[in-house]
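Reviewing the structure listed below.
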Amino acid sequence: MSFAADVRAGLSRDPKRLPPRWFYDDLGSRLFGAICALPWYRVTRAELGLLTGASHVVRRRMGKPGLVVELGCGTGEKLALLLEGLLGPRERTRVALVDVSREALALTASRLAVRGGLSVQTFRADYRVGLGSALLQRARGPALVVFLGSNLGNFDPPQARRFLTRIRRALRPGDGLLLGADLVKPEADLVLAYDDPLGVTASFNKNLLRRMNDELGAGFDLDTFRHRALWDAGRSRVEMHLVSCVSQSVEVPGARLTARFRRGETIFTEASYKYTESGLRSALGDAGFPCECSWIDEKARFALSFFRVP
Ligand SMILES: C[S@@+](CC[C@H](N)C(=O)[O-])C[C@H]1O[C@@H](n2cnc3c(N)ncnc32)[C@H](O)[C@@H]1O
């Protein structure tokens with residue numbers, strides 16, 4: 001769906017909701033990069049800390065990959081680190097990057113260009129579509145699909161199982177999957193990670209309103225909305241919302257819509273599901289990925305898992 005179609009559908013329904021992929025225009029991708037540097041958002045540092053050790057194990061288990069596919073590459077920092085451990089100094093491979101964000105693809109491709117010896121293709125597409133196109137780049141040797149950070153957490157549990165199953169079906173014997181997943185942790189830590197005292201995550205969330213103003217000619221007054229993050233323990237997810245502080249109507253001409261808000265009404269902009277270790281194992285097992293190796297950062301409660309298709 002296009003941005004306009006998603007905005008029209010999402011702001012016409014009750015409760016209002018927008019898919020999180022629209023966060024990542026050029027500015028949104030840079031704001032996400034800033035979130036990764038915040039002391040309260042531990043996912044990135046935790047995963048970077050696990051990746052070097054994991055990369056050597058992946059290399060030993062699957063040999064040199066002929067193709068590495070990253071779904072949702074962000075700044076590319078993690079992929080660059082992973083490739084250092086996966087490949088010898090003069091080894092070459094193909095890399096396929098799938099991301100909805102032009103900025104993320106450009107940042108990652110330029111970071112990888114510094115290494116040399118990589119043939120990089122970019123696919124500006126949703127994960128589902130991009131995965132198929134990316135795997136067509138297969139050369140000799142197995143393919144490794146990489147899905148890092150808390151990307152999986154944006155899917156609700158049935159969607160996550162379906163998407164993991166889709167990846168499994170697209171893989172061949174000898175191929176691998178390296179998956180990051182954020183784990184359940186104390187509520188205060190989770191809320192701070194999504195509502196930081198510097199207001200960077202709030203800016204990232206509100207950037208959606210700015211994007212609708214810029215791209216769809218909308219009339220959102222950013223000062224009349226505030227950011228809210230909350231932990232829903234029953235659903236095991238952090239929710240991000242944009243709360244309208246006043247009762248108001250906002251024209252969104254590019255989506256042929258007048259959006260009406262009650263005071264206190266919200267736009268639900270992101271669900272970020274957190275896994276227990278056993279929940280993660282069963283989601284992966286159900287999709288055909290029995291656990292092969294996993295690494296956990298106990299302090300940040302973040303898991304990295306690797307599977308090789310037998
Ligand atoms: C939360 S960031 C994580 C980036 C990186 N994987 C990391 O761990 O730091 C999510 C990335 O996935 C991209 N993305 C989000 N939803 C997507 C979708 N449905 N299809 C393709 N890319 C998506 C965003 O543009 C962004 O670069």
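Observations, loosely collected:
- Looking across the range 215-238 at every residue that is acidic (D, E) and in contact with a helix residue (DSSP H, G or I) (Cβ under 9 Å, 6 or more places away or on another chain), the one that is farthest from D156 (Cα to Cα) is identified as D221.
- Taken over the range 9-30, the criterion of being over 25 Å from V129 (Cβ atoms) and either near the ligand (Cβ under 9 Å from one of its atoms) or crowded, with 18+ Cβ neighbours inside 10 Å (or both) is satisfied by K16 alone.
- Residue check for T44: modelled with pLDDT under 95, closer than 23 Å to Y24 by Cα and within 19 Å of the chain's Cα centre (by Cα): no
- Only residues that are open to solvent by 40 Å² or more (accessible area, probe 1.4 Å) and either under 14 Å from P39 (Cβ atoms) or β-branched (V, I, T) (or both) were counted in the range 192-206, giving 4.
- G72 meets each of the listed conditions (1) modelled with pLDDT of 95 or more; (2) more than 8 Å from the ligand (Cβ to nearest atom) apart from (2).
For every residue, the table says whether it meets (1) more than 13 Å from the ligand (Cβ to nearest atom); (2) under 27 Å from A34 (Cα atoms); (3) more than 15 Å from the chain's Cα centre (by Cα).
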site	(1), (2), (3)
K78	no, yes, no
L87	yes, no, yes
L105	no, yes, no
R111	no, yes, yes
T122	no, yes, yes
Y127	no, yes, no
G153	no, yes, no
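- Checklist (1) assigned to a helix (DSSP H, G or I); (2) within 13 Å of the ligand (Cβ to nearest atom); (3) of a type outside the set (V, I, T); (4) open to solvent by 30 Å² or more (accessible area, probe 1.4 Å) applied to R161, failing item: (2)
- Conditions (1) open to solvent by 50 Å² or more (accessible area, probe 1.4 Å); (2) within 23 Å of the chain's Cα centre (by Cα); (3) farther than 21 Å from R42 by Cα; (4) at pLDDT 95 or above; number of the one not met by E277: (3)
- Qualifying residue in the range 250-258 (condition: in contact with a strand residue (DSSP E or B) (Cβ under 8 Å, 6 or more places away or on another chain), open to solvent by 50 Å² or more (accessible area, probe 1.4 Å) and not in a strand (DSSP E or B)): no
- In summary, D6 fulfils each of the numbered conditions (1) without any contact (Cβ under 8 Å) to a residue 12 or more places away in the chain; (2) within 12 Å of the ligand (Cβ to nearest atom); (3) over 17 Å from the mean Cα position of the chain (by Cα) with the single exception of condition (1).
- Test result for V58, in contact with a Phe, Trp or Tyr (Cβ under 7 Å, 6 or more places away or on another chain) and more than 30 Å from T266 (Cα to Cα): yes
- Elements of type strands (runs of 3 or more DSSP E) contained in the range 35-148, each with 1 or more residues being surrounded by fewer than 23 Cβ atoms within 10 Å (Cβ to Cβ): 93-99, 118-124, 143-147
- Any hit, the range 172-180, residues being assigned to a helix (DSSP H, G or I) and either more than 13 Å from the ligand (Cβ to nearest atom) or among the hydroxyl-bearing types (S, T, Y) (or both): no
The values are calculated or read from the model by the stated rules, or taken from the named source; none is laboratory data. Because the structure is predicted, anything quoted here is derived from the model rather than measured. All Cβ positions, glycine included, derive from the backbone under ideal geometry; neighbour counts span all protein chains shown. Calculation scope for accessible area: heavy atoms of the full protein, side chains included, ligands and nucleic acids excluded. Shrake-Rupley method; radii C 1.70, N 1.55, O 1.52, S 1.80 Å.
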